[in-house]
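A.B. asks: One structure follows; several queries about it will come next.
Quick note: the coordinates plus some simple rules give every number you see, no bench work behind them. Source: prediction; values computed, not measured. Glycine gets a Cβ as well: all are built from the backbone with ideal geometry, and neighbour counts include every protein chain shown.
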Amino acid sequence: MSEDEIRKRRVEDLLEAYDNTILRCPHCGSDKLIYDYTRGEIVCAVCGYVISEREIDRGPEWRAFTAEERERRSRVGAPISRYGPDSLSTDIDWRSKDAAGREIGLRKKIEMLRLRKWHVRARVQSSLERNLSQAAIELERLGAQLGLPKRVLERALEIYRKALETSLVRGRSIESVMAAAVYATCREMKIPRTLDEIAKYTRAGRKDVARCYRLLVREAAIKVPLPNAIDFVPRIGAILNLSASTIRRAIDILKQAQKMGLTAGKDPAGLAAAAIYIAAMMQGEMRTQKEVARAAQVTEVTVRNRYKELVKKLNIKLPLKKS
């Protein structure tokens, strides 16, 4: 690879790193661009026009000209994450064999036992860290049961940590406070999860989780938006295997209901279930009220009442059922 090709490749990598679409000089149209490392400028090699200045090189501090060299110099490691306590995440194994599978001697076993003991002591030093470590385990279990993304778990742990630092967890169970933090995060990020659904996977009752949630909202200054029935529609539609057109029709029905003020004070899951039921009938994808209620985790009476109210107030003409 020649020096000009290396220089051009370096400029293209830099432009790609900055998400810049400029690959030619806007003055003369030349594609021979030079990156000046000392000045932080991208200059045209033909006319000398300075295309960009004061650029920051966000790439690595080393250079690589071949794929093998780039692979050899690349860095790997665990990603930066707030999920988990601020301590060492490594663990010393209890097995008495080395990396090659050979049995280690008695002297080495005693040394590893001592290292393991001090590793545990250095890993969790205070009661707050022990509490946070147990809460992280509970959060991981809840996230696996509810199928929550990692960003939700990180935010829930951040809310729990704030509650722990302000002594809101004292006198309350870790499970109930963590479940309340998960519910607050789902409300904050508009993830369709109900309080009953979250409380179902905890040993703490629904009443305790609701009490802790109100405490977090009041004391931890968490801004939780009002629940929106539209957020529940895609999830219910996916459970019922409905088409995208049916889901869009249900969303349009809910938007009309919101404009007329029919959603105030109503359960969002029940409204979403009723809109799904109406949209499925209009699109010819019949689903029973029992199926819709089970997917939305509400009662059939709720679906029936909301369905009748929406049809009457919005003046929706439903197709006749085939006998």
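A.B. asks: Note the full-extension length gain between K312 and K190 as 0.36 nm times their separation in residues minus their Cα-Cα distance, in nm to one decimal.
C.D. replies: So the chain would gain 41.0 nm between K312 and K190.
A.B. asks: Right, next: If r is the Cβ-Cβ distance from N241 to R39 and R0 is 51 Å, what FRET efficiency results, to the nearest 0.05?
C.D. replies: So, using R0 = 51 Å, E works out to roughly 0.30.
A.B. asks: I've got another one for you. Tell me the trypsin sites (Lys or Arg not before Pro) within the stretch 273-323 that lie in a loop according to DSSP and have at most 13 other beta-carbon atoms within 10 Å.
C.D. replies: In loop regions of the stretch 273-323 (DSSP not H, G, I, E or B), the sparsely surrounded trypsin sites (Lys or Arg not before Pro) are K317, K321, K322.
A.B. asks: Here is a further query. Using 1/(1 + (r/R0)^6) with R0 = 25 angstrom and r between the beta carbons of H119 and A99, what's the FRET efficiency to the nearest 0.05?
C.D. replies: 0.90
A.B. asks: If the cut-off is a Cα-Cα distance under 24 Å, which lysines reach K108, setting aside same-chain residues fewer than 8 apart in sequence?
C.D. replies: Within the straight-line limit of under 24 Å, K108 reaches these lysines: K97, K117.
A.B. asks: Below 26 Å, Cα to Cα, which lysines can K223 reach? Residues fewer than 8 away in the same chain don't count.
C.D. replies: List returned: K150, K162, K190, K200, K207, K255, K259, K266.
A.B. asks: Between E300 and E129, what is the spin-label point distance in nm, taking each point 7 Å from the Cα along the Cα→C-beta axis?
C.D. replies: Once both label points are built, they end up 5.6 nm from each other.
A.B. asks: Can you give me the C-alpha center-to-center distance between the stretch 245-265 and the stretch 293-314, rounded to a whole angstrom?
C.D. replies: The stretch 245-265 and the stretch 293-314 have Cα centres separated by 13 Å.
A.B. asks: Then there is this: Suppose every Lys and Arg Cβ carries +1 and every Asp and Glu Cβ carries -1, with no other charges. What dipole size does the stretch 160-308 come out with about its Cα centre, to the nearest 20 debye?
C.D. replies: 260 debye
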